[in-house]
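So the structure is just underneath, and the comments pick up after that.
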């Protein structure tokens, strides 16, 4: 729907003749009132120019009527629109926050809840896996005589697969992997007291590794949750801005100097709106 409101103001034909040379015609009353209105309009335009983008247009009609137009479009829509990049960034940092910014927390709360659940799951896997690993290695030290200090994960894999360090070294020598041979006198000696205990340690080590690997999959799920939430937040902002453009309105303001032959004798104020 379009709406246009115009308010013409013309000078009355009375007053003491003065400023005729300034305007080319007119009276004292006409000149004073017209000058006052022109300054008011100019001041209004100057103030608006400090705040809003301004499109100015000065034209002269066929009858030399002077017109000055100032039109502002879509200011409410522009100020109310939201940034899809900002929403995506918020959700990349904390899933659900971007949806809250976009006004669609109905879906964002699920991402936020999933984030909390995934971190709790990760903490549970890490705690339980570390506990199993520590317990298994303590068992191995007690039943194999191995030294735990300064050993990496691969050492415990070898400890679980061989009864003693000499059996392990023989295998590496046969495979011509001399760089992987252990020095028993440098803290790499072990000898299991029974094969049953070795197999029990091996099962416990595999179990702890499986739990710790699950925690790494949870980290992957957390990253996916962040990305999907960011995409969803950007989608909500896009739909929000689209609906705003369709349902919003534009407004504008114009002022024109009325007169003929280049001589102003009034002002026309016009307000236009598209709803």
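FYI, it's all coordinate maths here, none of it is from the lab. Just so it is clear, the model here is predicted, and its values are computed rather than measured. So basically every Cβ, Gly included, is an ideal-geometry build from the backbone, and we count neighbours across all protein chains shown.
Maximal additional length on extending the residue 224-residue 199 stretch stands at 5.2 nm, based on 0.36 nm per residue less the C-alpha distance. Across all Cα pairs in the range 116-231, the calculated P(r) in 10 Å bins from zero up to the longest distance comes to 13, 35, 25, 15, 9, 2 percent per bin. The label point for residue 172 and the one for residue 191, both projected 7 Å from the Cα toward the Cβ, are 1.9 nm apart.
Relative to the current alpha-carbon distance between residue 139 and residue 243, full extension at 0.36 nm per residue lengthens the span by 30.9 nm. The distance between label points at residue 131 and residue 80 comes to 5.5 nm (points 7 Å beyond Cα on the Cα→Cβ vector).
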